[in-house]
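The values are calculated or read from the model by the stated rules, or taken from the named source; none is laboratory data. Because the structure is predicted, anything quoted here is derived from the model rather than measured. Cβ coordinates were reconstructed from backbone atoms using ideal geometry, including for glycine residues, and neighbour counts include every protein chain displayed. Heavy atoms of the whole protein, side chains included, go into the accessibility calculation; ligands, DNA and RNA do not. Shrake-Rupley method; radii C 1.70, N 1.55, O 1.52, S 1.80 Å.
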Amino acid sequence: MGGVELFLIAVGLSMDAFAVSVCKGLAMRRCTPGRAGIVGLYFGGFQALMPLLGYFLGVQFRSVITSVDHWIAFILLAVIGGNMIREALGPEECETADASLDVRNMLALAVTTSIDALAVGVTFAFLQVNIVPAVCFIGVITFTLSAAGVKIGNIFGTRFKSKAELLGGVILILIGAKILLEHLGIL
């Protein structure tokens, strides 16, 4: 997997966290760099941790599944991307629109927005990705986009929330299709 593909996966995965960050920013009366950084750390940390856990789970089954790994990667990325698109096209909601940054609230949001990264980590095991740099990169991208999302939400509101989820879903589906087509020898 190349750097461009990893970057696109990182951006795609971070779109849920970005959308929730926009909602957090919307609820804040005043957005400080510290508050944006706290949101970024929670989301970036969990977006890095979950693919690492998924990778270790996937490695356990890699030898058994190598003949269909490209199909698994495609299906997982397509399902995750399709779900993001469905949410983006659904009714606008900002159920996380409270300014609270307490640990329990932020842990719940961080886990919820990073579940899809667990599945992507499983696909990384099949694709034999160098996992430590990959998860660090995903964490940094998510941190940056989440911190920016808080500020954007504080300034502009939810205007970009559904567009971000839609873009993230499309990116993940396209990467899944590319993996499948390369393995089948079409690309």
Checking the condition under 17 Å from G54 (Cβ atoms) and open to solvent by 70 Å² or more (accessible area, probe 1.4 Å), which residue from V132, V140, V120 passes?
V132
Go through the range 153-177 and give me each residue that's aliphatic (A, V, I, L, M) and either over 13 Å from F18 (Cβ atoms) or surrounded by fewer than 23 Cβ atoms within 10 Å (Cβ to Cβ) (or both).
I155, L166, L167, V170, I171, L172, I173, L174, I175, A177
Take the residues in the range 83-104 that are modelled with pLDDT under 85 and in a helix (DSSP H, G or I), then tell me which one is farthest from the chain's Cα centre (by Cα).
L89
Of the residues Y55, Y42, only one is closer than 15 Å to F126 by Cβ, among the hydroxyl-bearing types (S, T, Y) and buried (at least 20 other Cβ atoms within 10 Å of the Cβ); which?
Y55
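Here's the yes/no breakdown for (1) farther than 25 Å from I152 by Cα; (2) under 14 Å from the mean Cα position of the chain (by Cα):
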| residue | (1), (2) |
| --- | --- |
| A17 | no, yes |
| C31 | no, no |
| V39 | no, no |
| A48 | no, yes |
| L53 | yes, no |
| V59 | yes, no |
| V64 | yes, no |
| S67 | yes, no |
Is there a residue in the range 28-37 that is in contact (Cβ under 8 Å) with a residue 12 or more places away in the chain, closer than 16 Å to I131 by Cα and not in a helix (DSSP H, G or I)?
no
